[in-house]
Amino acid sequence: NAGVIQTPRHKVTGKGQEATLWCEPISGHSAVFWYRQTIVQGLEFLTYFRNQAPIDDSGMPKERFSAQMPNQSHSTLKIQSTQPQDSAVYLCASSLVLGGQGTGQLYFGEGSKLTVL
Amino acid sequence: TQTVSQSDAHVTVFEGDSVELRCNYSYGGSIYLSWYIQHHGHGLQFLLKYYSGNPVVQGVNGFEAEFSKSDSSFHLRKASVHWSDSAVYFCAVRASSGSWQLIFGSGTQLTVMP
């Protein structure tokens, strides 16, 4: 089991450019979560999917951020017109779903560190 | 609204010492509580969780945590720490119904001195 795979591990982009981050959840895990981590704000929930459907995107900035899960093996987080304040580590996690209930146990990837210059 | 408070930003102990990392939560309903560990430059790893039953739960690497409804707490303990336990520890809460998002505390940096 390779765990949750996130690519790229590091991305440097210029202000105004687009950044796309990829996540491959653990096979068989049907819940996928995205978090953002910064020193100042800590761990912030962004969004999650269940069986590829978006369930809760209450943490997503309303503009410029979007997330998709086109199939059960990967999810993407896209940031348009990146700004320096978007610099953070973006963490993806997946979770097993048993009997329609999440287990409350998340498996995290190593994260994608985004730096916007 | 759920909140999680980790009052100690930094804890320093010596190898072989016992340690307790504190976590207090605020939520009126039924919840999952959990602890995660994050080594520098890596993602978070699950340590243990509580939902119901025995308020003392055992986790990996000798960690345990005790749930207290009266104190709204879920403190993490280890009887004898090793230098490799140096990391940031996060407490998290999730409502048992509704959104599955975990709300994390601000983290406690544990440093184990040789």
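The values are calculated or read from the model by the stated rules, or taken from the named source; none is laboratory data. Here the structure is a predicted model, which means the values were calculated and not measured. Neighbour counts run over all protein chains shown; Cβ positions are idealised from the backbone, glycine included.
Observations, loosely collected:
- The residues in region B:46-82 that are within 14 Å of chain A (Cβ to nearest Cβ) and more than 10 Å from the chain's Cα centre (by Cα) can be counted, and the count is 8.
- Scope region B:83-114; condition away from chain A (no Cβ under 14 Å), touching an Asp or Glu at 6+ places or on another chain (Cβ under 6 Å) and either more than 17 Å from B:Phe14 (Cα to Cα) or surrounded by fewer than 17 Cβ atoms within 10 Å (Cβ to Cβ) (or both); matching residues: B:Trp83, B:Pro114
- Residues in region A:25-34 that are under 10 Å from the mean Cα position of the chain (by Cα) and in contact (Cβ under 8 Å) with a residue 60 or more places away in the chain: A:Val32, A:Phe33.
- Verdict on A:Ser75 being polar (S, T, N, Q), outside any strand (DSSP E or B) and under 15 Å from the mean Cα position of the chain (by Cα): no
- Entry remark, region A:33-61: residues being touching a helix residue (DSSP H, G or I) at 6+ places or on another chain (Cβ under 9 Å) and buried (at least 18 other Cβ atoms within 10 Å of the Cβ) number 1 in total.
- Filter pass, A:Ala19 being within 14 Å of chain B (Cβ to nearest Cβ) and in contact (Cβ under 8 Å) with a residue 12 or more places away in the chain: no
- Test for A:Thr47: is it assigned to a strand (DSSP E or B), farther than 19 Å from B:Gln101 by Cβ and of a type in the set (S, T, N, Q): no
- Single unsatisfied condition, A:Gln80 versus (1) over 15 Å from A:Gln52 (Cβ atoms); (2) free of Cβ contacts under 8 Å to residues at least 60 places away in the same chain; (3) more than 13 Å from every other protein chain (Cβ to nearest Cβ); (4) surrounded by fewer than 20 Cβ atoms within 10 Å (Cβ to Cβ): (2)
- Residue check for B:Gly43: over 27 Å from A:Ala88 (Cα atoms) and modelled with pLDDT under 95: no
- Per-region count, region B:68-77, residues surrounded by fewer than 22 Cβ atoms within 10 Å (Cβ to Cβ) and either among the small types (Gly, Ala, Ser) or modelled with pLDDT of 95 or more (or both): 6
- Which numbered condition B:Gly43 misses (of (1) buried (at least 19 other Cβ atoms within 10 Å of the Cβ); (2) more than 14 Å from every other protein chain (Cβ to nearest Cβ)): (2)
- Residues satisfying the stated conditions in region A:12-31, i.e. of a type in the set (A, V, I, L, M) and part of a loop (DSSP other than H, G, I, E, B): A:Ile26
- Any chance A:Lys113 is among the charged types (D, E, K, R), modelled with pLDDT of 95 or more and touching a Pro at 6+ places or on another chain (Cβ under 7 Å): no
- Subset of region B:46-58 [under 17 Å from B:Gly29 (Cα atoms) and surrounded by 11 or more Cβ atoms within 10 Å (Cβ to Cβ)]: B:Lys49, B:Tyr50, B:Tyr51, B:Pro55
- Qualifying residues in region A:83-109 (those that are in a loop (DSSP other than H, G, I, E, B) and either within 9 Å of chain B (Cβ to nearest Cβ) or touching a Lys or Arg at 6+ places or on another chain (Cβ under 7 Å) (or both)) - the one surrounded by the fewest Cβ atoms within 10 Å (Cβ to Cβ): A:Gln83
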